[in-house]
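The values are calculated or read from the model by the stated rules, or taken from the named source; none is laboratory data. Predicted model only: the values in this text are computed from it and were never measured. Please note: Cβ atoms are built from the backbone with ideal geometry, for glycine as well, and neighbour counts cover all protein chains shown. Heads up: the accessible areas ignore ligands, DNA and RNA and are worked out on the full protein's heavy atoms, side chains in. Shrake-Rupley method; radii C 1.70, N 1.55, O 1.52, S 1.80 Å.
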Amino acid sequence: MTKDKAVKYMNIITKSCNNLLKIINDIIDSSKIETGNYKINKKNNNIVYIAEEVALNMSNFIEGKGLSLIIDPEIEEKVISCDETEIERCVINLLGNAVKFTPEGGEIRVYIKEVKGYIEITIEDNGIGISKEDQEFIFDRFSQVEGSGATKVSSSGIGLTLVKYIVKLHDGYVKLESEPNKGSRFTIGLPDIVEKLEDN
């Protein structure tokens, strides 16, 4: 075996191991949430910066899949009480989901705006979309979309369940708007509140 082939196979093995590790961690974390043992650590954070940084960090991956990424926030800065790590995880999951179900040449957009006491982060794609029937089950643990050719794509079906639970722990909401062959629009809404700083 040549050195180049060995490196290629090692990269494939590493990628497969990382994917399995992610699935295992997702299963463990979703179990923690369902038993009430999953904790979040909310602090005052700039939510616009968090969402933009995640999208920018994933831009090479997204563009490497032959997709366009457009980040279009309506606000430049907004501090709210949230768990930075967990919100990053939500945005990563939603962006990863959009990449998974958007064919090459497609487009992914990230919006951030203020809406009636909440800050909304929206991930929109023009991919294969999700039928009305499948939308009812999309956030259920281990479920997989079966319509619109989505079964062609491998998924643990746990990522969106985690997004729903994490946002719920923030007292927020998740919305899905989608139509087969036209794309999907996932929105997470987080309360526009800040933590009171303790007096020294």
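Figures for the structure shown
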{"item": "Identity of the residue in the range 84-113, of a type in the set (D, E, K, R) and at pLDDT below 95, that ends up nearest to the chain's Cα centre (by Cα)", "result": "Arg89"}
{"item": "Residue selected from the range 159-200 under the condition small (Gly, Ala, Ser) and part of a strand (DSSP E or B), by the criterion nearest to Glu77 (Cα to Cα)", "result": "Gly189"}
{"item": "Of all residues making up the range 83-120, the number that are surrounded by fewer than 17 Cβ atoms within 10 Å (Cβ to Cβ) and hydroxyl-bearing (Ser, Thr, Tyr)", "result": "1"}
{"item": "Extreme residue, nearest to Lys196 (Cα to Cα), among residues of the range 13-59 that are modelled with pLDDT of 70 or more and small (Gly, Ala, Ser)", "result": "Ala51"}
{"item": "Pair list, Cβ under 7 Å, 6 or more apart: the range 56-77 residue farther than 23 Å from Asn46 by Cβ, other residue of a type in the set (Lys, Arg) and open to solvent by less than 100 Å² (accessible area, probe 1.4 Å)", "result": "none"}
